[in-house]
Amino acid sequence: MPLYQLGDRVPNIHPNAYVAPEAVIIGSVTVGSESSIWPGAVLRGDHGEITIGAQTSIQDGTVIHCGPGFPTTIGDRCVIGHVAHIEGGILEDDCLVGSGSTVLHYARVCSWGLVGANALVPNKMVVPTDTMALGVPARIKEGVDNRLLIKLSAEQYVLNVHEFKKNLKRID
């Protein structure tokens with residue numbers, strides 16, 4: 001797995017995390033215990049900090065970035081779908097960002113919030129607890145209970161961490 005120091009900014013990857021060999025992590029990036037960073041994901045902490053909590057999955061092709069004054073923080077047990085883009089946003093514990101979605105500067109996805117596939121959560125938007133953000137730009141759909149979906153998805157990716165750490169073998 002390519003891990004890169006950039007000046008004095010060094011990735012901090014928990015030994016119980018899984019980072020796919022094809023993922024790239026650069027600079028000020030912290031990845032928590034039993035979290036997973038899947039193939040093609042790029043986490044670039046060059047002008048700020050990226051923090052990924054425990055038991056969170058960052059799926060294939062996702063790009064996570066930050067900048068001066070807008071760090072990116074992703075909490076525990078979050079599920080970030082394939083080819084998502086998160087830049088300068090805050091994702092609290094136990095939320096889901098669907099495949100192809102974008103979460104931008106100072107936006108906040110509260111615990112148990114869900115960002116639908118291909119949605120755009122613009123700067124400073126808040127996705128409240130037990131809601132869904134859908135569309136471009138995203139609009140909030142209230143009264144939605146996604147807790148079981150988020151919980152089961154996060155649990156499955158924790159199982160994947162252990163399976164891949166134990167059994168993934170390159171065969172060329």
> Roughly what would the spin-label model give for Q156 and T129, points 7 Å off Cα along C-beta, in nm?
Replying inline: 2.6 nm
> So how far apart, in nm, are the two label points at R9 and Y106 if each is 7 Å from Cα heading toward Cβ?
Replying inline: 2.1 nm
>> Just want the answer: with Cβ charges of +1 for Lys and Arg and -1 for Asp and Glu, which residue in L148, L159, V136 is farthest toward the dipole's positive end in the chain?
In response: V136
> Can you list the aspartates and glutamates whose alpha carbon is less than 19 Å from that of K165, not counting same-chain residues fewer than 8 positions off?
Replying inline: E22, E34, D60, E155
>> Using DSSP to call loops (not H, G, I, E or B), can you name the trypsin sites (Lys or Arg not before Pro) in the range 80-172 whose Cβ has at most 12 other Cβ atoms within 10 angstrom?
In response: K124, K169, R170
> Under a point-charge model restricted to the Cβ atoms of Lys and Arg (+1) and Asp and Glu (-1), what is the dipole moment magnitude of the range 3-167 relative to its Cα centre, in debye to the nearest 20?
Replying inline: 180 debye
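Got a sec? How would L114, L6 order by Cβ neighbour count within 10 Å, fewest to most?
On the way: L114 25, L6 14.
Placing the least packed residue first, the sequence is L6, L114.
Note down the net charge around V10, summing +1 for each Lys or Arg and -1 for each Asp or Glu among other residues with Cβ under 15 Å from its Cβ. Don't skip to the answer; put the middle values down first.
Numbers: positive: R9, R44; negative: D8, D46, E49.
Cβ neighbours under 15 Å give a net charge of -1.
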> Among V144, V121, V79, whose mean-square fluctuation peaks in a Gaussian network model of the chain (Cα, cutoff 10 Å)?
Replying inline: V144
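Label the range 1-144 by shape, choosing from rounded, prolate and oblate, from the square roots a ≥ b ≥ c of the eigenvalues of the Cα gyration tensor; if a/c is under 1.5 it is rounded, and otherwise prolate applies when a/b is larger than b/c, oblate when it is not. Before the final figure, lay out the partial values.
Values: a/c = 1.91, a/b = 1.62, b/c = 1.18.
Prolate.
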> For E22 and E142, what does the FRET efficiency come to when R0 = 25 Å and r is the distance between their Cβ atoms, rounded to the nearest 0.05?
Replying inline: 0.05
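Counting helices only, and only those DSSP H runs with n ≥ 4, report the 222 nm mean residue ellipticity of the chain as the sum of -39,500 (n - 2.57) divided by its residues, in deg cm²/dmol to the nearest 500.
Values: 1 runs with 21 residues, N = 172.
Estimated from H runs of four or more residues: -4000 deg cm²/dmol.
Just to confirm the filter: which GluC sites (Glu not before Pro) across the range 83-172 are DSSP coil and have at most 14 other Cβ within 10 angstrom of their Cβ?
Filter output for the range 83-172: E142.
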> Which lysines does K166 reach when only Cα atoms under 30 Å apart count, and residues fewer than 8 places away in its own chain are ignored?
Replying inline: K151
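Coordinate-derived values only; no laboratory data. Because the structure is a prediction, the values reported are computed rather than measured. Glycine gets a Cβ as well: all are built from the backbone with ideal geometry, and neighbour counts include every protein chain shown.
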